[in-house]
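Novice: My structure is below; once you've seen it, I'll send some questions.
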Amino acid sequence: MNRATLALACTAPLCAALLATALPAHAAERSAGSGSYDSYDSYDSYGTKASYTPQQSPRGYQQPPKGFVPVFTENVSRHGSRAATDSSDGDLILKLWDQAASEGQLTARGKEFGPKVRALLNAMAEVGYGNLSGRGKSEIAGTAVRMEKRLPGLFAGIAKNGEKIDVVSSGQGRAVDSGKLFADTLAAADPALEPLIGPARTDKDLLYFHKAAGGAAYRDYIANDQRLASTLASITDQPKTHRAASDVLRKIFKKPFVQRIVDGEFAAGVGSAVDAAEAVYNLYGIAPAMSAESPGGKGWHMDRYISQRDAAWFGYLSDAEDFYEKGPGFTGSDITYKMAGVLLDDFFKKAETAGNSAPGPNTLGAELRFTHAEEIIPLAALMGLPGSTQGATPERPYTYGDNPWRGAAVAPMASNIQWDVFRKSDTTLDTTLGTTLVRMLYNEKETAFKAGCRPVAKGSKFYALDELERCFARTS
């Protein structure tokens, strides 16, 4: 894609980086779950609000076995970075800030905190709470650019044969917008694709399953499971949480005022010291998503108001909640991720159809799905993706020290899972590999399927489709 066509599809300020080079330089590959909260991993501290980075150099992808060509691609992508869903965190902490300011109880750093929070809230209101930010638009456009660059033969074939490109979302605004932007970016890369992109459609059962009929048992678990409630309470209500909360608040408020918060003076209108500190942490977490809207695009620097140690601790608490409510959860239970079967089933159905379809206007060339962390996280657990294979027992709750699950690695903003389908172009070649192969990318990194699935050769990231059907028990 040249600079002119990319500019048409990507107009946010942060797209300047994409315009400088359509494919970014190699991004350091991250192993899910490295370290502990005491290692101060700033990326992990953002949890699932972490901004997106592709996890593999475009120069490092394996070539398919001889004679196989791409015939289909399908993905599921979380929406890009967004504004907070509402102003509640800013409103909460500003109540305390205004009171402290009126009493001269702000630290030197705290004096700048209130105006910065108000500016951030104004920026999010202008974007629209819950809507894609400039960074989110850049993330989604970037994934579309790189998909087209990875599979030029596939998209050329789609254009030549008049095949269809289907775009489907959860129906929620940021997912709908992500799908449209992704499709528009593909069309900008090759205008011949534009008439082949079907009208965007909504499928809540497929891409918002935690709120659909298939998620009824899951919702009952979230609302009523006492083991879940007690486990999360025990993780959160630790001395370290209360110490971290006081540390966060002391960066903004003078010690006597912090003590009044701790003593519960403002509990009726604001909540506890932990509530107030979590509001600061949540603003810290959302700030990178809004970096394009910051003054001069230089960022909000919310890390001035929370140490890396405290951000890591609150990041761990956020990850613990997502782990038990969306991820691997309790060992021996699949209540948090069984419902993702509808999405995995759709992946298989589309791949199986592609393996048996001849090129032409009635053939689907690409299936593009756009959804949310509530769907990506359970799908990763169901598929056994890296970092999502290990549950926790009630006797030994989830910690960073003994479990690799990290929200920032499993489902950052714009996280995505992609299957590329390859079919044998020459039937005279070796038939031992089968006729249809699949390669999976997880956040754009070639990723092995779960343990027990055998690739076509040792170290290969290509799998025969019938082997995946066996491995995932889709055939007898």
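Novice: Between the DSSP loop rule and a limit of at most 12 other Cβ atoms within 10 Å, which trypsin sites (Lys or Arg not before Pro) in the stretch 55-94 are left?
Specialist: Here the sparse-neighbourhood loop sites are Lys66.
Novice: Quantify, in whole percent, the carbon and sulfur part of the accessible surface of the chain (1.4 Å probe; protein heavy atoms only).
Specialist: Percent of accessible area from carbon and sulfur atoms in the chain: 51.
Novice: Rounded to the nearest whole Å², what accessible area per residue is found for the chain with the 1.4 Å probe?
Specialist: Heavy-atom SASA per residue in the chain reads 41 Å².
Novice: With a/c under 1.5 counting as rounded, go ahead and sort the stretch 92-239 into rounded, prolate or oblate using the C-alpha gyration tensor (a ≥ b ≥ c being the square roots of the eigenvalues; past the cut-off, prolate if a/b is larger than b/c, else oblate).
Specialist: Oblate.
Novice: Turning to a different aspect of this structure: Mean separation of Cα pairs under 8 Å and 6+ residues apart, divided by the residue count of the stretch 152-285: what relative contact order is that in percent?
Specialist: Answer for the stretch 152-285 is 17 percent.
Novice: For the ranges 184-190, 157-163, 353-359, what's the packing order if you count other beta-carbon atoms within 10 Å of each residue, average per peptide, and put the highest first?
Specialist: Working: 184-190: 21.7, 157-163: 18.1, 353-359: 15.4.
Order by mean packing, descending: 184-190, 157-163, 353-359.
Novice: Under unit Cβ charges (Lys, Arg +1; Asp, Glu -1), what dipole magnitude, rounded to 20 debye, does the stretch 303-443 have relative to its Cα centre?
Specialist: Details: 12 positive and 18 negative charges, 55 e Å.
Computed about the Cα centre, the dipole is about 260 debye.
Novice: If you build the Cα gyration tensor of the chain and take the root of 5 times each eigenvalue, what three semi-axes come out, in whole angstrom, biggest first?
Specialist: Its equivalent ellipsoid spans semi-axes of 42, 26, 18 Å.
Novice: In percent, what relative contact order does the stretch 40-197 have, based on Cα pairs under 8 Å that are 6 or more apart in sequence?
Specialist: Relative CO of the stretch 40-197 lands at 26 percent.
The values are calculated or read from the model by the stated rules, or taken from the named source; none is laboratory data. Treat the numbers as computed from the prediction; the structure is a model and nothing was measured. Positions of Cβ are generated from backbone atoms using ideal geometry, with glycine treated the same way; all protein chains shown enter the neighbour counts. Just the protein is used for accessible areas: all its heavy atoms, side chains included, with ligands, DNA and RNA removed. Shrake-Rupley method; radii C 1.70, N 1.55, O 1.52, S 1.80 Å.
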